[in-house]
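Chemist: One structure, as structure tokens, below. Some questions next.
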Amino acid sequence: MRGFFLSMTKQSIAIMLLGNAQANSSRTALHYARAALQQNYTINCVFLYHDAVQLASTYPICPQDEQNIAAEWQALIVQHQLPAVACIASALKRGVINSTEAKRHGKDANNLHPAIELAGLGTWLEALTECHQHIVFAE
Amino acid sequence: MNCLFILRQSPYHGSLAREALDMALAFAAFDENVQLLFLDDGIFQLLKDQDSSALVIKNIAKSLAAVEIYDINEIYVAEECLKRRGLRTDDLSIAAQAVDTRIIQALIADADKVVNL
């Protein structure tokens, strides 16, 4: 029972990323998120802003001997069912779109990972309000 | 909620300065109490007489001029960063209060959330 109670009170973390899919900060953030989850912290939001919206794309292709950071983030999000959001304004500017936006803007393909949502900064504000702590991985 | 945004990006190096400011303005639009602290090359965002037309990028000073409309009244700039760049508050396009390290520490300590961009 005590263990249950402790796990209920584990702190939640909101994570914001700004770096692109090749940025060291995106890799560091991945390691940080894995470590936090291993220690039973909850991640209440992964918010992809600025160039980090690239991490929401299913299109990055890497040589086999190189780490595909976007794919690893997407796998982590799916595995732990993390609430993940790409800022819609940042994403559209950088060509990361879902089928709705593709249709709206007359594009013939879409690349947003299905476990990641497109939303506005209000979602980040909400996550920031609700979390115990937050961390921004800048470029 | 008291949100302190630390803005460190030079105005036209990529789009982060603009997107960081957009975040602060969005928070203010949601009625959060927003404070802006300009550090490092971020203080170049505040310079008077910016003309970004040759770069075909929106002038960030124009957006900064609008912060009052969003009820953002607390704008701080690090004194040390100004000095190192040979600038004074007179060189800035909006009224910003020059603050020393001790005050910066207090701002960070007193904020409910610090968003460091």
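Chemist: Listed residues A:Gln54, A:Gln74; which is within 14 Å of chain B (Cβ to nearest Cβ), in contact (Cβ under 8 Å) with a residue 40 or more places away in the chain, buried (at least 18 other Cβ atoms within 10 Å of the Cβ) and farther than 20 Å from B:Leu25 by Cα? Full working, then the answer.
Modeler: Numbers: A:Gln74 fails: within 14 Å of chain B (Cβ to nearest Cβ).
Residue meeting the stated conditions: A:Gln54.
Chemist: Give the stretch A:114-139 a look and list any residue that's hydrophobic (A, V, I, L, M, F, W, C), more than 10 Å from chain B (Cβ to nearest Cβ) and farther than 16 Å from B:Ala24 by Cα, or say none.
Modeler: To start, the set of residues in the stretch A:114-139 that are hydrophobic (A, V, I, L, M, F, W, C) comprises A:115-116, A:118-119, A:121, A:124-125, A:127-128, A:131, A:135-138.
If we keep only those that are more than 10 Å from chain B (Cβ to nearest Cβ) too, we end up with A:115-116, A:118-119, A:127, A:137.
Result: A:Ala115, A:Ile116, A:Leu118, A:Ala119, A:Phe137.
Chemist: Starting from the stretch A:83-103, take each residue that is in contact (Cβ under 8 Å) with a residue 40 or more places away in the chain and list its partners that are aliphatic (A, V, I, L, M) and assigned to a helix (DSSP H, G or I), counting only C-beta distances under 7 angstrom and pairs at least six apart or across chains.
Modeler: Between residues of the stretch A:83-103 that are in contact (Cβ under 8 Å) with a residue 40 or more places away in the chain and residues that are aliphatic (A, V, I, L, M) and assigned to a helix (DSSP H, G or I), the close pairs are A:Cys87/A:Val53; A:Cys87/A:Leu121; A:Ser90/A:Val53; A:Ala91/A:Val53; A:Ala91/A:Ala56; A:Arg94/A:Val53; A:Val96/A:Val53; A:Val96/A:Ala56.
Chemist: Of everything in the stretch B:81-115, what is of a type outside the set (A, V, I, L, M) and in contact with a Leu (Cβ under 9 Å, 6 or more places away or on another chain)? Give them in sequence order. Walk me through it before giving the result.
Modeler: Going through the stretch B:81-115, the residues of a type outside the set (A, V, I, L, M) turn out to be B:81, B:83-86, B:88-91, B:93, B:97, B:100-102, B:105, B:110, B:112-113.
If the condition is that a residue be of a type outside the set (A, V, I, L, M) and in contact with a Leu (Cβ under 9 Å, 6 or more places away or on another chain), then B:Cys81, B:Arg88, B:Thr89, B:Asp91, B:Ser93, B:Asp110, B:Asp112, B:Lys113 are the ones that fit.
Chemist: So A:Asn68 passes all but one of these: (1) touching a Cys at 6+ places or on another chain (Cβ under 6 Å); (2) within 25 Å of B:Val114 (Cα to Cα). Which condition number does it fail?
Modeler: Failed condition: (2).
Chemist: Which of the numbered conditions does B:Ala65 fail, given that it passes all the others? Conditions: (1) more than 24 Å from A:Ala52 (Cα to Cα); (2) at pLDDT 95 or above.
Modeler: It is condition (2) that B:Ala65 fails.
Chemist: Additional query: Which residue pairs have Cβ atoms under 6 Å apart, sit 6 or more places apart or on different chains, and have a first residue in the stretch B:103-117 that is facing chain A (nearest Cβ under 9 Å) and a second that is surrounded by 15 or more Cβ atoms within 10 Å (Cβ to Cβ) and β-branched (Val, Ile, Thr)?
Modeler: As it stands, the answer is B:Asn116/A:Val136; B:Asn116/B:Ile6, since those pairs meet every condition given.
The values are calculated or read from the model by the stated rules, or taken from the named source; none is laboratory data. Computed from a predicted structure; not experimentally measured. Every residue, glycine as well, gets a Cβ built from its backbone with ideal geometry; the counts of neighbours run over all protein chains shown.
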